[in-house]
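Structure first, commentary second.
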């Protein structure tokens, strides 16, 4: 296999659930006022994803090692 190619998540759209979870985690709601306002005054259910470019190239080219498709390695000792 080539590992994880894509990761995704769905955003919490329920204002009350979001505030409850923020309280559980001890987050300062004032720092997230802009985000909470979006939820308080209406939003739609939405989600997003992140695509690993190097893993996509591995899949498309059939290369077996990700190190062979990374143009600028960001591994320990090379940064």
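Tabulated data for the structure shown
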{"read-out": "Relative contact order (percent, whole number), the chain, Cα cutoff 8 Å, 6+ residue spacing", "value": "40"}
{"read-out": "With Cα atoms, 0 to 90° folded angle of helix 15-25 axis to the chain main axis", "value": "70"}
{"read-out": "Share of alpha-carbon pairs per 5 Å distance bin for the chain, given as whole %", "value": "3, 12, 16, 13, 11, 7, 10, 14, 11, 2"}
{"read-out": "Residues residue 47 and residue 24, FRET efficiency given R0 of 25 Å [Cβ-Cβ distance, rounded to 0.05]", "value": "0.65"}
{"read-out": "Full-stretch length increase - residue 70, residue 17 - with 0.36 nm per residue and alpha-carbon distance subtracted", "value": "15.1 nm"}
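Every number in this text was worked out from the coordinates using simple rules, so none of it is lab data. Nothing here was measured: the structure is a model prediction, and the numbers come from that model. Every residue, glycine among them, receives a Cβ derived from its backbone with ideal geometry; neighbour counts consider all protein chains shown.
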